[in-house]
Amino acid sequence: MKSTFSTSVDWDAVKAEYQKDLRVTVNNIWTPEHASLIGQSLGQNTQFKHAYTQQGRALESSEQDLAKMSQLDRKQLFSHLYSDASKGVGFWYGRHMINTLSPRPLIEVKNYLNSEDALEKLRYISGRSDIKLASAQGTRYTPGNFLTRHNDVVEREGRILAFVLGFTPKWHPDWGGLLQFYQDDGTPREAWTPKFNSMTIFDVRHVHAVTYLPPYAPMQRLSITGWFRSK
């Protein structure tokens, strides 16, 4: 099944909504069959690593790496992790960088996002003619995961737009995992609940977070995330 955005999307309406505040969610971005296939690949066939911070440094470890740690090392890892988080720095979630060994549906999504058809639509929505490519990763949040408040500005990568392709069905806001937006001074704005078969797009200057998933969250929050970039 070839990856393409659904022909039912009204891109003029998407552009108009995006221009109000440089952010928008597009529902039914894929056909239902295609969205189900991608979601199944993320949930059942994708190997994730734990992405996290330690004293301000971004790291990754496999489940096997963590299992080999001593009890003391694991205790110190989470002590540093939560110390960073208490200062508004850091994250703990599952990450899979999409590459040639990834499940085929994920590879096809990344390839399509880098196609001229998709890039031209994002240039149209945003008014940014300098969008040249997209980077993409599979993202999994489970109980205990979080992403603290930040923006996505990284000049060396030329990030312009952040995107979240949602593949989590029937998410309840009490389960956390909300895309929380903030004013620049930290005042909370809207929180957007994950939606299946959706694409959220926002300017990288928007301050945002993914809220903490509590122990009672009964399912994974699955998505493909990344950035449309100029370099």
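No lab work stands behind these numbers, since they all come straight from the coordinates. Since the structure is predicted, the reported quantities are computational estimates derived from the model, not experimental observations. Using ideal geometry, Cβ is built from the backbone for each residue, glycine included, and neighbour counts are taken over all protein chains shown.
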Segment 1-142 - charge dipole about Cα centre, Lys and Arg +1 at Cβ, Asp and Glu -1, debye rounded to 20: 420
Take every Cα-Cα pair in segment 1-118 and report what % of them are more than 20 Å apart. 60
Give the distance, in whole Å, between the Cα centre of segment 190-218 and the Cα centre of segment 1-55. 12
Treat each spin label as a single point 7 Å out from the Cα along the C-beta direction, and report the ARG189 to GLN76 distance in nm. 4.1
Where Rh is the Kirkwood radius over the Cα pairs of the chain, the temperature 25 °C and the viscosity 0.890 mPa s, what D in µm²/s does Stokes-Einstein return? 134
At 222 nm, what value in deg cm²/dmol follows for the chain if DSSP H runs of at least 4 each add -39500 (n - 2.57) and the sum is divided by all its residues, to the nearest 500? -9000 deg cm²/dmol
May I ask for the Kirkwood hydrodynamic radius of segment 89-156, worked out over all distinct Cα pairs and given in angstroms to one decimal? 14.2
Too long for a 23 Å Cα-Cα cut-off, among LYS15/LYS195; LYS87/LYS195; LYS20/LYS170; LYS110/LYS195, are LYS87/LYS195; LYS20/LYS170
Per residue Cα convex hull volume in Å³ - calculated over segment 1-50: 106
Average Cα contact separation per residue, the chain, under 8 Å, 6 or more apart, as relative contact order %: 25
Rh by Kirkwood over Cα pairs, then Stokes-Einstein D for segment 127-223 at 0.692 mPa s and 37 °C, µm²/s: 230
